[in-house]
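The values are calculated or read from the model by the stated rules, or taken from the named source; none is laboratory data. These numbers come from a predicted model, not from an experiment. Virtual Cβ from ideal backbone geometry, glycine too; neighbours counted across all protein chains shown. Remember, those area values only see protein heavy atoms, side chains included, never the ligands or the DNA or RNA. Shrake-Rupley method; radii C 1.70, N 1.55, O 1.52, S 1.80 Å.
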Amino acid sequence: PHLAALVLARGGSKGIPLKNIKLLAGVPLIGWVLRAAIDSGVFHSIWVSTDHDEIEKVAKQFGAQVHRRSPEVSQDSSTSLEAITEFLNHHQEVDIVGNIQATSPCLHPSDLIKVADLIQKEGFDSVFSVVRRHQFRWSEVKKGENKMTEPQNLNPAKRYRRQDWPGELYENGSFYFAKRHLIEKGYLQGGKMAYYEMRAEHSVDIDIDIDWPIAEQRVLSFGYFGKEPLKEVKLLVCSIDGCLTNGRIYVTEDHKEMVSYDYRDIVGIDLLKKRGIQVRLISDRDCSKTLSAMQLGCVAKVNVTNKLQVLKDWQEDMGLSWKEVAYLGNEESDVECLKQAGMSGVPADACTAAQKAAGYICKSRGGCGAVREFAEHIFLLLEKVNSARKQ
């Protein structure tokens, strides 16, 4: 049977404008679930249903196909079931839909693989995700009612200890898998049903966790970063023009060039060095005088015609794997380096091709703190590496 992943990503959002493609830990929100879906390898096709051009662009960058939903199912009042039904009407080849929520960025491929087995091999008609919670519930007393609240799942005279109580299962909204015949009858859950219990740390819902910095910390700690395990970064290579500087060149009357840089980026380079990470600089043009004036104390290669070859030479000379190399670039000449490096980033104003190739998109523009921001991102991921080692 044709199993299709479907991510519903409407352009309208009452809370956070274009939330589905807002950067979360340097990756568009929808990118986290698309990466997990693709790497699971269980789907015959992966789709994003949207009514917005920018969301379509991001979806395609991450390897998904796009279904342009109609205005009728793009309203605030439209339901997920209506959008899924419309998708199925246009794709008769699909037998099973795995509706994955864009707002669940800690989803892992292993979860999707197990769910696919439940519905394809064990014959369930629908499978949905749940999380176990240890929360005591009480009946609601509305204002003005003259009555007492009542316990719903506990005996107050004999309260459970957490370790003695298995807790309860709650839908977490991460995904809903269902066969076509159920959806056509108007159900997302029905027939032979099963739940899939997700780990609590993977159950992150941006619709609830609206504090974006907190959600970013959760994703950095528990998110899925790709098939290859993270390694400790030993080398950062940074493009000079447009990353370390803002790309502007000022020319004086006596034909001397001047550029500006952000002191925060210099601090970022110093912090990287203190953590034992080498920082090397690279440029398409000859800016040796500028580098000399900045006194950064970094190995640099200027007037480069093939950045990837220089990067490979440095990587081999230092005896590093690609997972130990980070690259910060912003132009088309950086694209191949961004693809090759184990960790890659671009400033917010990088060209489209560079943004598409990068794993992290900074909030800061080139020459305005992007290097420092990318350094902080490296440090956070190093914490994740160290945590994995301890486990």
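Taking a 1.4 Å probe, which of Thr252, Thr305 shows the most accessible area, and what order do the others take after it?
In descending accessible area the options line up as Thr305, Thr252.
Determine ³J(HN,Hα), in whole Hz, for all residues of region 77-84 in sequence, where each value follows from phi through the Karplus function 6.51 cos²θ - 1.76 cosθ + 1.60 and θ = phi - 60°; x replaces Gly and Pro.
8, 5, 9, 4, 4, 5, 5, 5
I want to verify a result. In a Gaussian network model of the chain, Cα cutoff 10 Å, which of these has the top mean-square fluctuation: Asp349, Asp313, Asp270?
Among Asp349, Asp313, Asp270, the largest GNM mean-square fluctuation belongs to Asp313.
Determine the relative contact order of the chain: mean sequence separation of Cα pairs under 8 Å and six or more apart, normalised by residue count, in whole percent.
After rounding, I find 15 percent.
Averaging sequence separations of C-alpha pairs under 8 Å and six or more residues apart, then dividing by the length of region 96-254, give the relative contact order as a whole percent.
Once divided by the residue count of region 96-254, the mean separation gives 33 percent.
Can you give me the P(r) profile for region 3-222? Cα pairs, bins 5 angstrom wide beginning at 0, each as a whole percent.
All Cα pairs, binned at 5 Å, distribute as 1, 7, 14, 17, 18, 15, 11, 8, 5, 3, 1, 0 percent.
Give the residue list of chymotrypsin sites (Phe, Trp or Tyr not before Pro) in region 7-55 that are DSSP loop and have at most 13 other beta-carbon atoms within 10 angstrom.
none
For region 272-311, run through the trypsin sites (Lys or Arg not before Pro) and keep only the ones in DSSP coil with at most 16 other Cβ atoms within 10 Å of their Cβ.
Arg275, Arg285
What does the charge add up to near Asp270, with Lys and Arg as +1, Asp and Glu as -1, over the other residues with Cβ less than 14 Å from its Cβ?
Summing Lys and Arg as +1 and Asp and Glu as -1 gives +2.
Share of Cα-Cα pairs in region 235-389 beyond 25 Å, in percent?
23 percent
Which residue, Pro151, Pro71, Pro28, has the most motion in a Gaussian network model of the chain that connects Cα atoms within less than 10 Å?
Of Pro151, Pro71, Pro28, the Gaussian network model singles out Pro151 as fluctuating most.
How big is D, in µm² s⁻¹, for region 99-223 by Stokes-Einstein at 10 °C and 1.306 mPa s if Rh is the Kirkwood radius over C-alpha pairs?
Estimated via Stokes-Einstein, D reaches 93 µm²/s.
Let me know the longest stretch in the chain that avoids all GluC sites (Glu not before Pro) found in a DSSP loop with at most 12 other C-beta atoms within 10 Å.
254-391
At 1.4 Å probe size, with the rest of the protein present, what percent of the exposed accessible area of the chain is carbon and sulfur atoms?
After summing per-atom areas, the C and S share lands at 48 percent.
Within region 8-38, report the trypsin sites (Lys or Arg not before Pro) that DSSP leaves as loop and that have at most 11 other Cβ atoms within 10 Å.
Filter output for region 8-38: Lys14.
What are the radius of gyration and Dmax of the chain, computed over its Cα atoms and given in Å?
Over the chain's Cα set, Rg and Dmax evaluate to 24.9, 87 Å.
Under a GNM of the chain (C-alpha, springs under 10 Å), which listed residue has the highest mean-square fluctuation: Arg137, Arg365, Arg68?
Ranking Arg137, Arg365, Arg68 by mean-square fluctuation puts Arg137 first.
Report, by chain and number, residues whose modeled amide H sits under 5 Å from the one on Asp349, excluding near sequence neighbours (fewer than 5 apart, same chain).
Gly366
Spin-label point model (7 Å from Cα, Cβ direction): what's the Glu93 to Val267 distance in nm?
5.4 nm
I'd like the per residue volume of the convex hull spanned by the Cα atoms of region 28-144, given in cubic angstrom.
Cα-based convex hull of region 28-144, divided per residue, equals 178 Å³.
Going 7 Å from the Cα of Ile38 along its beta-carbon direction, which residues of region 102-143 have the amide nitrogen within less than 19 Å of the resulting point?
Under cut-off, by backbone N: 102-113.
What share of Cα pairs, in percent, lie more than 17 angstrom apart in region 248-302?
The proportion of pairs with Cα distances above 17 Å equals 44 percent.
As I understand it, the value is the acute angle between the Cα axis of helix 263-274 and the longest principal axis of the Cα atoms of the chain; what does it come to in degrees, rounded to 10?
80 degrees
Could you give the accessible area per residue of the chain, probe 1.4 Å, as a whole number in Å²?
So the chain comes to 50 Å² accessible per residue, rounded to a whole number.
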